[in-house]
Amino acid sequence: MNVENRRYVIISFILFVGVIYMFRLFYMQVLDDSWSERAHEISEKRSEVTPPRAIIYDRNGLKIVGNKTYFNLMVIEENMGENFDTLSFAKLIGWTTQEVNDRFTEIIKGEGVYYNKYSGKKESNYQKSRPYPFLKEITKEEMVKIAPFLSAYPGFYEEETSMRSYPYPNGANILGYLSEVNQNEISRDKFYKPSYNIGRSGIEKIYEKQLRGTKGVHYIVRSAMNNEVKKYENGKYDTLAKQALPIQLGLDIKLQAYGEELMKNKKGCIVAIEPKTGEILAMVSAPSYDPNILVGRKNISKNYPILLNDQDKPLYPRPTQAEYPPGSIFKLVQSLIGLQEGVVTKNSAFLCNRALVGCHSHPSPSSIAKAVKYSCNPYYYYMVKKVIEQKKYPNRYEDAEYGLNLWNAYMKSFGLGEKLKSDVFGLRPGLIPNSSYYDKWYGHHRWAFSTIRSISIGQGEVKLTPLHMANIAAIIANKGWYFDPHFVQSPKKSYPLQIKKNQTMVDTIHFDPVIDGMWRVVNEPGGTGGLARINGINVCGKTGTVENYKGSVKQKNHSVFIAFAPMENPKIAIAVFVENAGYGGTWAAPIASLMIEKYLKKSISNPAKEKRVLDAVLNNK
Amino acid sequence: MRKSKSLINNLDWPLLVAFLTLICFGLMTIYSVAFNEEHPNIFSFSEKYGKQIMWICLSLFLGIIVFLIDSDVYKKFALPIYVVILGLLVLVLFMPPINGARAWIGIGSMGIQPAEFAKITTALLLAKYIGEINLKQLNSNNVLIALIIIIIPMILILLQPDAGTFVVFTAFFFVLYREGLTFDPFILKFVNIIPKVKFKKTWIGSHFIPILFVLVFLSILTILLGHKNIGIIPGLPLYGSLGIIITLLVISIAGILFIQKFGTKRERVKVRLIIILSFIIGSASSYFVEYSFGHLASHQKDRIELFLGLKEDPNGKDYNRNRAMAAVGSGGFSGKGYKNASVSSVKTNHVPESETDFIFCPFAEEWGFIGGVILLLIYLFIIIRIIVIAERQRSSFNRIYAYSVGMFFFYHFAINIGMNIGFAPVIGIPLPFFSYGGSSMMSFSVMVFILLKLDSQRRHVLR
């Protein structure tokens, strides 16, 4: 064999290796993405910065929801090193070594837990190289004590977070609260990561997207030790975290606070609206709680069960969700419908026939205004009978069907029996029955006015929320139109609220006699709402005393009062509902007047009236 | 005067230019990888790039000195310098270990690795010895001495331990193969014991070295295929040696049928014998490897599996290689751009040794597939160019030496880049003229300048 030719064997071999390497490079660098994905995973870190939630102001520019800085003490196990001194660390944070060790176990077993949809089990993906919160939500004051000594414990570092803080301990049911997102929310919306907070009720929930702001994203090149080396591509893709613009509410926090004060030791609610704008000035739900006690994981887990199990239901937002029979205040709307339908004129008189329906002792009303003043039950029995029985059909059942549906349409035009289109969380529709409602109960054409007569005085099937009641006052103050009651002033296009002016089916002219009646209720001797009188302010109001039953046991009447003032240029419309407090004129009326005076005059002219209300204990405790 | 002019005229410029290009690329990559904002000047001697410039200057200076020495000197003093370096290799074993190996002589960072220079001295002595013997009439002593020249430094290097350089020394077997050094003197001793058999030469003897490489390849393949039951044909349960034996059988039968049809009668007999013999040796060794691998102690097995990359070693060498491969792969077609290596930069430290053994990965990350291929082509050009130079030598001393240099380049190139792309086990050997480090730079410079000198004076040799 010729040895010289062996050079070609060697050269071929070398070229063969070279070509194989080129193919390999082509495969790794151009065709196969998995290496480059791995490189991203290894060397880059995408970190998100969540801005503090937007500030919320009241109508006078007072901050009612702000943020407070808290700290999480984070730990990365991989960086802790072998010389972690459990004893001295425990001493630093004021724990026992046992507690420290338990916390580590808890983190490993619990913090990384997620629901694996493939295996259908909850699994922990705890990783030594990832940061986990060792201590959560510690205050600045606590952090100051720990921070200077942290350098002795590698792997531990502080991380700033922000949580809600409420300068006023009021309006909990309006503002709502935040709590940690659940897995569902995380998978639905990319914004959220485990341990993020989300609005759970109230303004915080409705305006979640407007409050949460824009997250900042930082891409950094990280080293093998997980340290930041530099910004990725000089920060070309980085974005700044942007706090959302503040939201201003129509709420008057001082008035709200005063309302909550007045409603202490009572169950019920106050809703105050500015009639011209539909802005809610105050929305008191009693009993209530300080919103600060539901801030943060620790507080929520401690206080939420207490609030939930309280038999007075402080978490229950009565103004929007409690559906009460309205009682006599309903007569205002009935009067307007009667006038518009022409079944009565402002000077129609009916006999106060107590054989028909119970009433209290007063002269028979000779006009609408007087009927309102005396809150005469038989008067409204006659009048609503005329509305329902229009004699358009020979058959009285068909006639009642037509009449009830017409009446229902009027009620709907007042926003009653349906959810108001608003930014108020958790609205209930109340109940204004129509023909199909009674058909379900009694059967088609099996009912007439006599069957349903109790709706005429706001009892029976009729149910309204206190927000509806306040809105009735606002509509009357506006003489026929309203904006859906809402919280946010001048909402932006992106907000889940568009304000629309609603017109009722009742003409402006018909409101005057009713307003006249309301004025008499408060300001004339013999009116049912005399306790609502304020010197120098023409308050127009209407009392209600609502019969109610728990099961079939009759309970003490609810005390109701709706009002607006001043009559000439209404600035506030209000509904006060005090559960099981008796006559509307006894408690609801003075509370309403105090609220009105507080709002219009900023001071109370009758301290005795105020003291009587403040001292009253009406929640049966 | 005329002499020096002819020296420059006879200098192999293509090789010199290619090698200077590599040095520039290497320095550029080190400057990017080890860049320190506090010392942005490339001549900052506190930084690796500054030091590398120093090493380059020193190496070129050494190279020029070497170039000025008459080429006869190497032949004359091949034995003494070989012995001196052997002495250093022994001495180095008594030095304090650095990174677990006693490979360095010197103070602080200015140390040198005698193993690097042992490559040169071994090449020179081997060239001198083989050049002087008559390859047509080899006796067993000749083969033995040639092997001893190679194996003594190998053993000393393995004691350091320096697996990389140890493996590189097997490059000499290619050289022996090229020179036609046959192992017949050994083989015949055994074969001719059999009565009535009297071979003058055997196929095994003359192709002993390629056979050896094939056997090593088969063994590794056996272990790879035996691992986690990967069949040689996807879907068929032909695991490990079974798959290899069946494959060899198929190839052998095909070979016999082929030669039956196209070969002459004499060739048929010969080839059939060769095929049957290779089938038996191949199958037997494959089965033997599998059997003995199965009976190894588990820690030994682990070590082999790690070496072959069959096992994940998250914190060890496999980790480095995985990171390096991620870095290379992330380069894409045209790379991330100069100084934009995010995985393999020294600062991120995801790929340890990214300025020395793993320097290919920052280069490939920054310059992508295009850069990688250009670098591969430069190395291939250098290796082929050295072989071309080797083949044009009149003296076998020059040729053997040149081949040794060429094969060193090939080994360093194939193993180092192979390490970065997952084709070679992670044994720390530098990329010539590219990696950071003085020893490698100086020894390869000296090696190449000796070659250039020998080449430029090739016409002086009359033999």
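Read-outs throughout are calculated quantities, based only on the coordinates presented, and are distinct from any laboratory measurement. Note that the coordinates shown come from a computational prediction; the quantities given were computed from them, not determined experimentally. FYI the Cβ positions are ideal-geometry reconstructions off the backbone, even for glycines, and counts take in every protein chain you see.
Restricting to the protein assembly as shown, what percent of DSSP beta bridges are antiparallel, rounded to 5? The partial results should precede the final answer.
Numbers: 76 of 79 bridges.
Counting only bridges with both partners in the protein assembly as shown, antiparallel ones make up about 95 percent.
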Normalised contact order of chain B, rounded percent, pairs of Cα under 8 Å and 6 or more residues apart: 23 percent
Given backbone amide H placed at 1.01 Å from N, residues whose amide H is under 5 Å from that of A:Leu431, ignoring those fewer than 5 places away on the same chain, are A:Gly417, A:Lys463, A:Leu464
How would you order A:6-17, A:556-567, A:201-212, B:52-63 from highest to lowest mean count of nearby Cβ atoms within 10 Å? A:556-567, A:201-212, B:52-63, A:6-17
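Please get the size of the charge dipole for the protein assembly as shown, origin at its Cα centre, with Cβ charges of +1 on Lys and Arg and -1 on Asp and Glu, quoted in debye to the nearest 20.
Dipole of the protein assembly as shown, to the nearest 20 debye: 1700 debye.
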What distance in nm separates the two pseudo spin-label positions at B:Arg268 and A:Ile20, each 7 Å out from Cα along the beta-carbon direction? 3.6 nm
Going by how many other beta carbons lie within 10 Å of each one, how would you line up A:Ile76, B:Ile30, A:Ile64, A:Ile20, fewest first? A:Ile20, A:Ile76, A:Ile64, B:Ile30
Order of A:Tyr153, A:Tyr393 - criterion: other Cβ atoms within 10 Å of each residue's Cβ, fewest first: A:Tyr393, A:Tyr153
Before anything else, pin down the relative contact order of segment B:395-463: Cα pairs under 8 Å, at least 6 apart, normalised by residue count, whole percent. 36 percent
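Inside 10 Å of the C-beta atoms of B:173-183, what's the mean count of C-beta atoms belonging to other chains?
Partner-chain Cβ atoms within 10 Å, mean over residues of B:173-183: 2.
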Spelling it out for A:His360: with amide H atoms placed in the peptide plane at 1.01 Å from N, the residues 5 or more places away or on another chain with amide H under 5 Å from its amide H are A:Asn377
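For chain B, what does the alpha-carbon gyration tensor say about shape, rounded, prolate or oblate, given a ≥ b ≥ c as the root eigenvalues, a/c under 1.5 as rounded, and a/b over b/c as prolate? Each step should come with its number before you reach the end.
Working: a/c = 1.83, a/b = 1.22, b/c = 1.50.
Judged from the Cα gyration tensor, chain B comes out oblate (a/c at least 1.5, b/c at or above a/b).
Counting other Cβ atoms within 10 Å, keep those with at most 16, restrict to DSSP loop, and tell me which chymotrypsin sites (Phe, Trp or Tyr not before Pro) in segment A:487-554 are left.
Details: sites: A:Phe487, A:Phe511, A:Trp519, A:Tyr549; in loops: A:Phe487.
When the chymotrypsin sites (Phe, Trp or Tyr not before Pro) of segment A:487-554 are filtered for loop state and at most 16 Cβ neighbours within 10 Å, nothing remains.
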Could you give the length gained on full extension between A:Ser88 and A:Glu185, defined as 0.36 nm per residue of separation minus the Cα-Cα distance, in nm? 30.9 nm
Restricting to lysines and to Cα separations under 25 Å from A:Lys140, and discarding same-chain partners fewer than 8 apart, the set is A:Lys63, A:Lys68, A:Lys91, A:Lys193, A:Lys215, A:Lys242, A:Lys298, A:Lys302
For segment B:139-206, which chymotrypsin sites (Phe, Trp or Tyr not before Pro) pass both filters: DSSP loop (anything but H, G, I, E, B) and at most 14 other C-beta atoms within 10 Å? B:Phe199
Mind listing the phi-derived Karplus ³J(HN,Hα) values for segment A:95-106, rounded to whole Hz, using 6.51, -1.76 and 1.60 with θ = phi - 60°, and x for any glycine or proline? 10, 8, 4, 4, 5, 4, 5, 4, 5, 4, 4, 4
In order over segment B:142-147: 3J(HN,Hα) from phi, Karplus 6.51/-1.76/1.60, θ = phi - 60°, whole Hz, x for each Gly or Pro, gives 4, 4, 4, 5, 4, 5
Chymotrypsin sites (Phe, Trp or Tyr not before Pro) within segment B:94-164: DSSP coil, no more than 11 neighbouring Cβ in 10 Å: B:Phe94
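Specify the longest stretch of chain B that does not include any exposed loop site, a site being one of the GluC sites (Glu not before Pro) with a non-H, G, I, E, B DSSP assignment and at most 16 other Cβ atoms within 10 Å.
B:39-311
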Which whole-Hz couplings ³J(HN,Hα) result when phi for each residue of segment A:327-335 is put into the Karplus expression 6.51 cos²θ - 1.76 cosθ + 1.60, θ = phi - 60°, listed in order with x for Gly and Pro? x, 5, 4, 5, 4, 4, 5, 4, 4
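Can you give the average number of partner chain beta-carbon atoms within 10 Å of each beta-carbon in peptide A:4-11, as a whole number? Working shown, then result.
Numbers: counts 3, 0, 7, 7, 0, 4, 12, 6.
Rounded to a whole number, the mean comes out at 5.
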Would you work out the charge dipole size for segment A:477-621 about its Cα centre, treating the Cβ of every Lys and Arg as +1 and the Cβ of every Asp and Glu as -1, and quote it to the nearest 20 debye? 500 debye
If amide hydrogens are placed 1.01 Å from N in the peptide plane, which non-local residues have theirs closer than 5 Å to the one on A:Tyr70? A:Thr161, A:Ser162, A:Met163
With N residues in the protein assembly as shown, what two-decimal value do you get for its Cα radius of gyration over 2.2 N^0.38 Å? 1.53
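How high is the relative contact order of chain A, in percent, counting Cα pairs under 8 Å that sit 6 or more residues apart? The partial results should precede the final answer.
Working: 1293 pairs, mean separation 81.7, N = 621.
Once divided by the residue count of chain A, the mean separation gives 13 percent.
Taking beta carbons within 10 Å but only from partner chains, what does the mean come to for residues B:359-366? Don't skip to the answer; put the middle values down first.
On the way: counts 0, 1, 0, 0, 0, 3, 4, 0.
The mean count of partner-chain Cβ atoms within 10 Å per residue comes to 1.
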